[in-house]
Ligand SMILES: [Mn+2]
């Protein structure tokens, strides 16, 4: 089950004296992965640690405005430098993921090295690869956990604009602007950051009003031509094929967030976004309330994530995948 692990004191003790620290987060980093990494790095640097951030793959351009983002090292483009950093680090802090498999080659690198591994994460069912951790699935984001870590150490006064904006970014992106996964603590953190001068409107505008024309037109194409509604199971499916990818010149990040539009339809409970990639078919799944798309992703599409937001993949044709979805839907979504 979702056990809460809270080694705040032990982590603070481990980081009491200046050390070489590597911060790593997951592949295809989102606002929470990037925000928590930048915030933690900046906080540790204030304590004279030497800190490097390594992300397995490139981050989306929209986060380019964040202070401190230029320091990030991308493993895919600089594997040698990444290895050097891991080798000389005595502590590796893993943020916003809970299984070394999620960072593939970088994970094996860390696994092979004799470092202290600290994990701070909010996903369910963590793998025990860490020495110390803060792990709880009932908070909005890893950024919220980073804030709580700083607060528990009684050091909120060290939160400057760089740290504050990074934390707020992760909260905004992981909650979809406070629409899901919030708890009272999330609002507390947001209120505290706002009181410190973090401009939430500026961040919302930077993060969410950031589409280019191609992306907006692609969204229109998805909704007009590629969406199917299965009324009795209150489910919507959008599927993009290889031809769509060529026609719209779709690149990584261009399809970000499209799945969420399905749930804007009245009485929809499940949204599934299917994309035909060169070798695999990728799925993004969203749901409301008690319906667990995580279970569906885990059981049938080799994936996982959160109860209401999951991902997975499979093989075959788009048509076959959609038939499969329709076949298994009744096992996860009660008929109305
Ligand atoms: Mn997260």
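No value in this document is a laboratory result; all are computed from the given coordinates. From a predicted model like this one, the values you see are computed outputs, not experimental measurements. With ideal geometry, Cβ positions are generated from the backbone for all residues, glycine too; neighbour counts draw on all protein chains shown.
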Cα-based Rg / Dmax (Å) for the stretch 213-332:
13.3, 39
hull vol. (C-alpha, convex hull) per residue for the chain, Å³ -> 137
Per-residue ellipticity at 222 nm for the chain, helices alone: DSSP H runs ≥ 4 residues times -39500 (n - 2.57), over residue total, nearest 500 deg cm²/dmol?
-11500 deg cm²/dmol
By DSSP, what percent of the beta bridges with both residues in the stretch 1-151 are antiparallel, rounded to the nearest 5?
10
Computed E for residue 155/residue 221 - FRET, C-beta separation, R0 41 angstrom, nearest 0.05:
0.25
Mean-square fluctuation maximum in Gaussian network of the chain, Cα pairs under 10 Å, restricted to 128, 278, 29, hits 278
Given a Förster distance of 35 Å, the FRET efficiency implied by the Cβ-Cβ spacing of residue 77 and residue 9, rounded to the nearest 0.05, works out to 0.40
Given springs between every Cα pair under 10 Å in a Gaussian network model of the chain, which of 190, 12, 239 has the largest fluctuation?
12
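By count of other Cβ within 10 Å, fewest leading, how are 285, 219, 172 ordered? Mind showing how you got there, number by number?
On the way: 285 28, 219 17, 172 24.
In increasing order of surrounding Cβ atoms, one gets 219, 172, 285.
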If you stretched the chain out fully between residue 112 and residue 320, how much longer would it get, using 0.36 nm times the residue separation minus the C-alpha to C-alpha distance?
70.9 nm
Based on the inverse mean of 1/r over its pairs of different Cα atoms, what is the Kirkwood hydrodynamic radius of the stretch 194-233, in Å?
13.1
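Across the stretch 53-110, how large is the tail of the calculated P(r) beyond 15 Å, expressed as a percent of all Cα pairs?
51
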Would you kindly work out the equivalent ellipsoid of the stretch 9-132 from its C-alpha gyration tensor and give its semi-axes, the square roots of five times the eigenvalues, largest first in whole Å?
19, 17, 15
